[in-house]
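What follows is one structure encoded as structure tokens, with my remarks underneath.
The values are calculated or read from the model by the stated rules, or taken from the named source; none is laboratory data. All of these numbers come straight from a predicted model, not from anything done at the bench. Cβ atoms come from the backbone with ideal geometry, glycine included; neighbour counts cover every protein chain shown.
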Amino acid sequence: MAVHLTILGSGSAGNCAYLETEETRVLVDAGFSGRQIRQRLASIGRTPESLHGILITHEHSDHIQGLATLCAKLPVPIYCNRLTKEAIENQLQARFDCRIFSTGATFEVGDLTVDTFSVPHDAYDPVGFLLRASGANIGFLTDLGHATRLVIERVRAANVLLLETNHDLKLLQEDTRRPWSIKQRILSRHGHLSNVAAADVAEQIVSSELRHLYLGHLSRDCNRPELAHQIVTERLQKLGAAHVRVESTSQDVPCPTLSL
Ligand SMILES: [Zn+2]
Ligand SMILES: [Zn+2]
């Protein structure tokens, strides 16, 4: 057991995951308050002080809102691309110690290899990640309007994938709180993946290598965990992929740690 993954929380209002290898401890996104992140790490017996880095997908607040507090007291580097760094620093009105990568590049943090790839989303230069260590491949694929061929190719090798199931099309259309312009944004090719679009992604990448699928970044108003779960599971069953474990994530509580 060399790699341990804990989704500390995922949803439209906050995203943060913790990955630990033999030598390396990182967060992927920091989209809760610094205090929340500290508390959630404490619930698995970890602290922000032991982190080697924070990988950032893009600058939307549900991915970065804890950075200012976490990094104010800690010398932990942030890994992001240049446009994301500029956007974060503008937004949070602070300077950060960033290790800049070019989108599409692969780099290392200790014994962890990080593949980065571009995703279509309405941010400056949003990315997805495939993290590789000790023979385990863990993909992070949230915040994308549609899955390009590049995206599919990059996450095909994943054994574990955090996949966005943002909204249910019917619930989004029926929602009365959101103006039409916001709905259009969510539904656009640079918005978010619906349950059905996520099932399409699952169908395209499913293989004997894929073992665990986390459903993430759910909208509180326009989706329900059981609905997302049902749509993706039914699709996998139709394909005879009963070996893939499908697990819902929550905005409010961490998932049990997955050891690989
Ligand atoms: Zn987001
Ligand atoms: Zn976003």
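Things to note:
- Which numbered condition H121 misses (of (1) within 14 Å of ligand 2 (Cβ to nearest atom); (2) touching a helix residue (DSSP H, G or I) at 6+ places or on another chain (Cβ under 9 Å)): (2)
- When A147 is tested against the conditions (1) crowded, with 21+ Cβ neighbours inside 10 Å; (2) under 26 Å from F32 (Cβ atoms); (3) of a type in the set (G, A, S), the lone failure is (2).
- Residues being within 11 Å of I56 (Cβ to Cβ) and free of Cβ contacts under 8 Å to residues at least 40 places away in the same chain - total across region 16-28: 1
- A single member of D168, D125, D62 is under 22 Å from N195 (Cβ atoms) and within 16 Å of ligand 1 (Cβ to nearest atom), and it is D62.
- Every residue from region 45-64 that is in contact with an Asp or Glu (Cβ under 9 Å, 6 or more places away or on another chain), touching a residue at least 40 places away in the same chain (Cβ under 8 Å) and away from ligand 2 (no atom under 16 Å from the Cβ): H52
- When each of G139, G135, G191 is tested for being in contact with a Lys or Arg (Cβ under 8 Å, 6 or more places away or on another chain) and either within 16 Å of ligand 2 (Cβ to nearest atom) or more than 25 Å from T233 (Cβ to Cβ) (or both), the lone residue that passes is G191.
Okay, residues lined up against (1) part of a strand (DSSP E or B); (2) surrounded by 15 or more Cβ atoms within 10 Å (Cβ to Cβ):
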residue: I7; (1), (2): yes, yes
residue: N15; (1), (2): yes, yes
residue: H63; (1), (2): no, yes
residue: C71; (1), (2): no, yes
residue: V76; (1), (2): no, yes
residue: A87; (1), (2): no, yes
residue: F96; (1), (2): no, yes
residue: R99; (1), (2): yes, no
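- If the condition is being closer than 23 Å to R211 by Cβ and either surrounded by fewer than 21 Cβ atoms within 10 Å (Cβ to Cβ) or free of Cβ contacts under 8 Å to residues at least 40 places away in the same chain (or both), then region 120-135 contributes L130, R132, S134, G135.
- Note on region 39-61: residues that are surrounded by fewer than 18 Cβ atoms within 10 Å (Cβ to Cβ) and not hydroxyl-bearing (S, T, Y) total 6.
- Here D200 meets the list (1) modelled with pLDDT of 95 or more; (2) out of contact with any Lys or Arg (no Cβ under 7 Å at 6 or more places or on another chain); (3) over 15 Å from T249 (Cα atoms); (4) buried (at least 18 other Cβ atoms within 10 Å of the Cβ) almost entirely, failing just condition (4).
- Residue within region 243-254 that is without any contact (Cβ under 8 Å) to a residue 40 or more places away in the chain, part of a strand (DSSP E or B) and of a type in the set (S, T, Y) present: yes
- Residue list for region 164-209, filter: in a loop (DSSP other than H, G, I, E, B) and among the polar types (S, T, N, Q): T165, N166, T176, S188, S207, S208
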